[in-house]
Amino acid sequence: MAPTESDLDRIGSRRPDAADYVITAGLAGAGGAVAALGVLALFARNEGRSPLQPVNATSHVVHGPAAGARREADLAHTGVGATVNVGASLFWALPFTWWLLRRRRSPAAVAAGAAGTAAVAVAVDYGLMPRRLTPGWEHAVSRGAVGAAFAALALGLSAGALAARALRPDGPPGR
């Protein structure tokens, strides 16, 4: 009997260890945060706003919707907003990493999984969370910019996960 695809996946593979999870989630989360915040900054600038306004807008959890009007950097708005955004990206990287490391995934599957994770993030962040606990980007940029930020989150998660895979000297983990 010929080996199946799952049999071939197991040949030469190893089980992921704690370092695989930490490195993959860390790089995927960082990639997602940088990509989303970068896209938000570009959209804000193109919409005639400060590139910091979307980051500051996330501090609406503390300061209310007016936080999105804050144009300058400060710890109370930019520090809180950046911390929340990076923390959220790392949070979404955790289930993505768990899914990713359960078996060997093709780059296309990694991208699809990242897109699925970002779609769940949109549904949770803007569908299930109370308004005060949303990312708050809509206080500073257009709805299209918010959508583009979640697309960028997917790209960043995927890029970070693929970078983590490339860093492993003994090849990608998988079952």
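The values are calculated or read from the model by the stated rules, or taken from the named source; none is laboratory data. All values derive from a computational prediction rather than experimental measurement. Neighbour counts run over all protein chains shown; Cβ positions are idealised from the backbone, glycine included. SASA here: full protein model, heavy atoms, side chains in, ligands and nucleic acids out. Shrake-Rupley method; radii C 1.70, N 1.55, O 1.52, S 1.80 Å.
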Based on what the data block shows, is Val124 open to solvent by less than 60 Å² (accessible area, probe 1.4 Å) and without any contact (Cβ under 8 Å) to a residue 12 or more places away in the chain? yes
Which count do you get for residues in region 93-108 that are in a helix (DSSP H, G or I) and open to solvent by less than 30 Å² (accessible area, probe 1.4 Å)? 4
Top-ranked residue of region 51-68 - restricted to ones that are of a type in the set (A, V, I, L, M) and in a helix (DSSP H, G or I), ranked as farthest from Val141 (Cα to Cα): Val62
Return yes or no: is Gly79 under 26 Å from Leu167 (Cα atoms), open to solvent by less than 70 Å² (accessible area, probe 1.4 Å) and either outside any loop (DSSP other than H, G, I, E, B) or of a type in the set (Ser, Thr, Tyr) (or both)? no
